[in-house]
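The values are calculated or read from the model by the stated rules, or taken from the named source; none is laboratory data. The structure displayed is predicted, hence computed values, not measured ones. Here the Cβ positions follow ideal geometry from the backbone for every residue, glycine too, while neighbour counts run over all protein chains shown. What goes into the accessible areas is simple: the full protein's heavy atoms, side chains included, and nothing from ligands, DNA or RNA. Shrake-Rupley method; radii C 1.70, N 1.55, O 1.52, S 1.80 Å.
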Amino acid sequence: MLHDYRPPFWLPGGHLQTIWAAKLARAHAGPRPAFERERWTTPDGDFVDVDVLPAPPRPGGAAPLLVLFHGLEGSSESPYARAFAVAARARGWGFALPHFRGCSGELNLAPRAYHSGDFEEVGWMLGRLRARGAGPLRAVGISLGGNALLRWAQEAGATAAGVARAVAAVCSPIDLAAAGAAIDRGVNRQVYARMFLATMKPKALAKLRQHPGLFDAERVRRARTLYEFDDVFTAPLHGFRDTPDYWARASAKPHLRRIRVPALVLNARNDPFVPGASLPAVHEVGPHVTLWQPAHGGHVGFARGRFPGHLGDLPGAVMGWLERAGG
């Protein structure tokens, strides 16, 4: 079980586990999932792309649906996304991955993009999927997507259970200030912050070409930390005063007592992005929240098997918990 996960001997330490997950992990055996892409028009006239893997035929009613919200700069191409899709298919569930705006391979149209507390967008996506008449809906968010999913559950309160039976946040930065400070210093800044900014900055500058005058291009080009990037781009474009205001208002950790639907919050204590000291204790969450905080695993780096290893246990453990908790 992942709540007491132990890594294979060949993958010690949070940094190696994190880099393995991003660069070397085998998501699954066999062929890649054959997603069907749908384009949805958003309430503000923009679009999002949703990759769907329909459930196999099932007698006696609609199959359950697993909805996965990806992490920062993720997509249906992320190894964890393909691992969950294959695991859902093997379980006889349907699978849907709604891309946050600008993450499906095509720049979105509106001035806005996406952010860690995008609970209104998450709620709209879940509501649309629920209205399709699928069976029981269960939702997972990875990293940024998990924080946004928890923020939706917090804002929805008792009404969340009418949409999703249960939710899970995997390796999510639920204290954004602590996570931002961690990723912006030392080795993390040179490796992870640089990696994220390598795709975020060009997308922001492409957004500026769509909407001239939207922000200061030179400040984006000079940004060397997520704090600096969020201060000029993410925060002001999404209604926040600045980075501290964004990180404070978008963080899920202060509101975990408000959740009224079964919710799993899974974080490895050696995640380079999410300091173990920032993780919630049992007394800080409500009765609907379950905490799994294994000592190892890095950032979505729960490897199993011989080198190069695979992610197979992560989807199975999380989906098993969702099924037990949500009925």
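Do we have residue 194 as of a type in the set (D, E, K, R), part of a helix (DSSP H, G or I), in contact with a helix residue (DSSP H, G or I) (Cβ under 7 Å, 6 or more places away or on another chain) and open to solvent by 70 Å² or more (accessible area, probe 1.4 Å) here? No; evaluated as a whole, the condition is false for this residue. Of the residues making up region 41-53, just one is in contact with a helix residue (DSSP H, G or I) (Cβ under 7 Å, 6 or more places away or on another chain) and over 13 Å from residue 67 (Cα atoms), namely 43.
To keep it simple, each residue is scored yes or no on (1) charged (D, E, K, R); (2) open to solvent by 20 Å² or more (accessible area, probe 1.4 Å).
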| position | (1), (2) |
| --- | --- |
| 101 | yes, no |
| 137 | no, no |
| 158 | no, yes |
| 176 | no, no |
| 183 | no, no |
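The one condition from (1) touching a Lys or Arg at 6+ places or on another chain (Cβ under 7 Å); (2) within 30 Å of residue 327 (Cα to Cα) that residue 238 does not meet is (2). Within region 20-48, residues that are touching a residue at least 12 places away in the same chain (Cβ under 8 Å) reach partners that are surrounded by fewer than 12 Cβ atoms within 10 Å (Cβ to Cβ) with beta carbons closer than 7 Å, at six or more positions or on different chains, in the pairs 47/39; 47/41.
If I filter region 104-123 for residues that are among the polar types (S, T, N, Q), in contact with a helix residue (DSSP H, G or I) (Cβ under 7 Å, 6 or more places away or on another chain) and surrounded by 24 or more Cβ atoms within 10 Å (Cβ to Cβ), do I get at least one hit? For region 104-123, residues among the polar types (S, T, N, Q), in contact with a helix residue (DSSP H, G or I) (Cβ under 7 Å, 6 or more places away or on another chain) and surrounded by 24 or more Cβ atoms within 10 Å (Cβ to Cβ): present.
As a summary of the residue check, residue 19 satisfies the conditions (1) at pLDDT 95 or above; (2) surrounded by 12 or more Cβ atoms within 10 Å (Cβ to Cβ); (3) of a type in the set (Val, Ile, Thr) except for the one numbered (1). Would it be correct to say that residue 169 is in a helix (DSSP H, G or I), within 29 Å of residue 152 (Cα to Cα) and of a type outside the set (Phe, Trp, Tyr)? Considered against the rule, which asks whether it is in a helix (DSSP H, G or I), within 29 Å of residue 152 (Cα to Cα) and of a type outside the set (Phe, Trp, Tyr), residue 169 comes out as no. Do we find that residue 187 is open to solvent by 10 Å² or more (accessible area, probe 1.4 Å) and modelled with pLDDT under 95 in this structure? Yes; evaluated as a whole, the condition is true for this residue.
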